[in-house]
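To start, the structure itself, in structure tokens.
The values are calculated or read from the model by the stated rules, or taken from the named source; none is laboratory data. Worth saying up front: this structure is predicted, and the values here are computed from it rather than measured. Ideal geometry is used to build each Cβ from the backbone, glycine not excepted, and the neighbour counts take in all protein chains shown.
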Ligand SMILES: [Zn+2]
Ligand SMILES: [Zn+2]
């Protein structure tokens, strides 16, 4: 695998705490975070922590996974709309593939995402699990 | 590593038996083999087995090797001019780095070139060793 | 932005290999077959420059510098050459770059080629390499395959517009029907809606028969300035319009998930430059890497309203004899999708349709044709308008 | 081939990051810094298209589709964008492609950028990725590092022309001297001949001090048509000549080992287009990835006879104040060599020298400048002539 430690170290606030960028000009939030606002082009952006709850806007169950993800197959991937309307692509966890439904309430948790077999490094990131009320 | 078995299977005649391409128009030989003649552009080419003996035109001792070659380091790499003037880049073997000299006579032998650790595949190819008369 | 028609550019020669699992043939061989066909098609005229579209050679093949490598492999050592990469949209982007080399007046005859070797590695390795078309840090990092990301779009589209799985399946069925006549196609057999629904699930709801197959292939076109086009071909096809546009690489920050905004933008530019509207198009090759990609493309190019394309296909639209005729080659779905080469296949196919010598299902007296090529799940999209 | 001067093209804006081990900064950040500087330099004018030069993102960074990705990252979502790859010559090839986008009349303002992240991985991994600039099947397959292949050339050159190791070492000594004044350079310290000779051997006879360092960086230039150039800049610099040429990717089939044939070819085209000869050049940035590469470049560009460049440097030629002044930036050797970005750094540096605002060693009243960028060990070479 070609995971790089400095790279994921740089990104870890975004992955661990769902940090995006808010545009000071148009107010829109980007996740993934971006140096400039992709919507209005403004250079004035600031970090913004996203809400950790949302609902499933779409989902898929991936049976043919990329190298390095065999142990997570089948991988349930969600397109989540957070409470403030920002969208996040992330795996769903603590749920059986056949139980997932569009509209289901979910919340963000920190989970192991992949491992670098050669160097023994474990990478963590955000996954979403069903909320109690679903 | 990203070695592909079909790929090196396709190329093995070239690697194992030093097969290049001879241009039927200008007579020049290419190694690596090429679909068309790189010198005159002719489409009429045929396989040509190269002589296995030549001399060292230049050489280097590589201390910082690419991933996958650590066990061969330091790697002695030669630029060999074969008896018919065709040049080949290949490792030198059966010789100490400090013994290599420009002009030294060498001959081609088949040797282990690299291994695919993950899948256990061993790749062979041509290396050159000093001839008796050097 | 100004669209000076400084210099007209023509497609004057085409060449392509069959698409398939060419285990015995390397990238150089496939490229040489397509390139030499295209050069023969212009009476042996030597191209003055080469632009190569390719996606996977850097990540899977450990070979960079394809421009020089491939020029040298067909006896063109010395000519200017470089590679263009825009993921699965590399071929169309290469055509865009090549067009400008001629339009600028710097060259009269340029070879644009696309080449891809996809079958050297096991599926999971290719799956990982293809996922490089998505966001490495926020999509691939989480194990999202490229098929998985498109599956998110497919479900979203079906639920938003109330389109059934059966209706969606009409797309691949039509594609296989068209491909069955195309001697270059990878999948030359017909399929049924039931087979699509019952095929192996790759990423729910996308089945194997919603997906383009993995194949090796190369395609090439020779383009030329007006001054020389007539000398090189009796049937030059004019590049009447050209557009390239982008969108986010990540799915999350798209303005609308079911809209290929970059395709709309690129088509708008290309149509305006050509002085046409969507209804003027006779024949089109769209980028149906997956069923959903084809459906969204037909809508973004202006051939159907949003949410309607899949149903229209199920009702029998876009078949041979309709207008526009869509993917007479069989599309990525069944002609095949050697990723970085696909955009060049499409331009070559449309040129052949307008010349009248496409060897598969022929367009009926087509005058205006369009090729649309996508990189990523909508990130880089090129639209080319060709005119007889 | 015809060199119609259809439309004049100018470099109107420049931007660059310092080169170094930017562990805390990703590719998007580095690109944004350089791109925004260049855009500020043209009074905030929004580029209509983007061409990106990059080598390693596909092979090491698992990220393709950089055109769209980087356009989006600086608020330019939507504009046409693609990546050009020609190994370490990607930046120069991207400039060549971008030039034609303006020269064709399709665009008035285009951003050409180069970006590279080299320090994310361990040395052996980067060494393998860089070796993709050579022939994967006949060079990398045998463990040949890129440095190793250049070492074969260096020994061959030294023995053929009887050049000593000490004479060769004059090159890096001069480069470090120049770089010590350049705030963007990676290695801003002076070295001695002895230090070069006694440095760690990477691939004999190449030592660490004969080699460009591994660094991250991004550079950008805004180019524009004549119509708008004066509105965007008070000091537009004209792209007077441009050449791109190729040679074999493998070393074995080169006609002459000690001749950068592609540099000669590209320079010939660029000089002819600009109406100049080598002796007219005031200031030049050549591609000295290794000492031998710099030496061969100076010869191929016509500033020295074959076999003489190293000795001339040792005798004091090509220093600040001489003509031409060579690598006032410090060159790849000491300014640094973020591979796919280097060609854009060079063009930006030459443009600044002609404008008079380069922040390091300044050229003395230069009117004509040249940038030479190499992909592979001589496979793809671009030469740009800029004129005040
Ligand atoms: Zn904004
Ligand atoms: Zn020949």
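Quick one: in region C:148-176, which of the residues that are free of Cβ contacts under 8 Å to residues at least 40 places away in the same chain and in a helix (DSSP H, G or I) is surrounded by the fewest Cβ atoms within 10 Å (Cβ to Cβ)? Spell out how you get there, then give the answer.
The first filter runs over region C:148-176 and keeps only residues free of Cβ contacts under 8 Å to residues at least 40 places away in the same chain, leaving C:159, C:162, C:164, C:173.
After this cut, where a residue has to be in a helix (DSSP H, G or I) as well, the list is C:159, C:173.
Details: C:159: 13, C:173: 20.
Checking each candidate, the answer is C:159.
Can you tell me which residue within region C:130-145, out of those that are closer than 21 Å to residue A:11 by Cβ and in a helix (DSSP H, G or I), is nearest to the chain's Cα centre (by Cα)?
Of the residues in region C:130-145, the ones closer than 21 Å to residue A:11 by Cβ are C:131-145.
Subsequent filtering for residues that are in a helix (DSSP H, G or I) retains C:131-133, C:140-142.
Details: C:131: 18, C:132: 18, C:133: 15, C:140: 23, C:141: 27, C:142: 28 Å.
Taking the candidates together, the pick is C:133.
Tell me the residue from A:48, A:14, A:90 that is more than 16 Å from ligand 1 (Cβ to nearest atom), at pLDDT 95 or above and crowded, with 16+ Cβ neighbours inside 10 Å, please. Selected residue: A:90, the only one of A:48, A:14, A:90 that is more than 16 Å from ligand 1 (Cβ to nearest atom), at pLDDT 95 or above and crowded, with 16+ Cβ neighbours inside 10 Å.
Check whether at least one residue in region D:72-85 is in a helix (DSSP H, G or I), facing another protein chain (nearest Cβ under 7 Å) and within 16 Å of ligand 1 (Cβ to nearest atom), and report yes or no. Don't jump to the end; show me each part of the working.
In the first step, residues of region D:72-85 are kept if they are in a helix (DSSP H, G or I); the result is D:72-73.
Those left that are additionally facing another protein chain (nearest Cβ under 7 Å): D:72-73.
Subsequent filtering for residues that are within 16 Å of ligand 1 (Cβ to nearest atom) retains D:72-73.
The answer is yes; a qualifying residue exists.
Only one of these is under 22 Å from residue D:98 (Cα atoms), touching a residue at least 24 places away in the same chain (Cβ under 8 Å) and assigned to a helix (DSSP H, G or I): D:245, D:310, D:348, D:240. Name it. Full working, then the answer.
Values: D:245 fails: assigned to a helix (DSSP H, G or I); D:310 fails: under 22 Å from residue D:98 (Cα atoms); D:240 fails: assigned to a helix (DSSP H, G or I).
From the options D:245, D:310, D:348, D:240, the qualifying one is D:348.
If the condition is being in contact with a strand residue (DSSP E or B) (Cβ under 9 Å, 6 or more places away or on another chain) and farther than 28 Å from residue A:43 by Cα, then region D:59-89 contributes D:85, D:86, D:87, D:88, D:89.
Of all residues in region A:1-27, those being within 12 Å of chain D (Cβ to nearest Cβ) and more than 14 Å from the chain's Cα centre (by Cα) number 13. Listed conditions (1) within 14 Å of chain A (Cβ to nearest Cβ); (2) touching a residue at least 60 places away in the same chain (Cβ under 8 Å) are all met by residue D:68, apart from (2). Exactly one residue out of D:126, D:115 is within 14 Å of chain A (Cβ to nearest Cβ), assigned to a helix (DSSP H, G or I) and within 15 Å of residue D:338 (Cα to Cα): that is D:126. Every listed requirement among (1) closer than 17 Å to residue C:208 by Cα; (2) within 14 Å of chain D (Cβ to nearest Cβ); (3) out of contact with any strand residue (DSSP E or B) (no Cβ under 7 Å at 6 or more places or on another chain) is met by residue C:153 save one, (2). If you check C:360, C:356 for being on the phi > 0 side of the Ramachandran plot, surrounded by fewer than 24 Cβ atoms within 10 Å (Cβ to Cβ) and either modelled with pLDDT of 95 or more or touching a strand residue (DSSP E or B) at 6+ places or on another chain (Cβ under 8 Å) (or both), only one passes: C:356.
Screening region B:51-77 for residues that are touching a residue at least 60 places away in the same chain (Cβ under 8 Å) and not in a strand (DSSP E or B) and picking the one that is farthest from ligand 1 (Cβ to nearest atom) gives B:68.
The condition (being in contact (Cβ under 8 Å) with a residue 24 or more places away in the chain, more than 30 Å from residue C:48 (Cα to Cα) and more than 14 Å from chain A (Cβ to nearest Cβ)) is satisfied by just one residue among D:60, D:16, D:55: D:16.
Scan region A:41-50 and give yes if some residue there is assigned to a strand (DSSP E or B), in contact with a helix residue (DSSP H, G or I) (Cβ under 9 Å, 6 or more places away or on another chain) and more than 16 Å from ligand 2 (Cβ to nearest atom), otherwise no. Checked region A:41-50: at least one residue is assigned to a strand (DSSP E or B), in contact with a helix residue (DSSP H, G or I) (Cβ under 9 Å, 6 or more places away or on another chain) and more than 16 Å from ligand 2 (Cβ to nearest atom).
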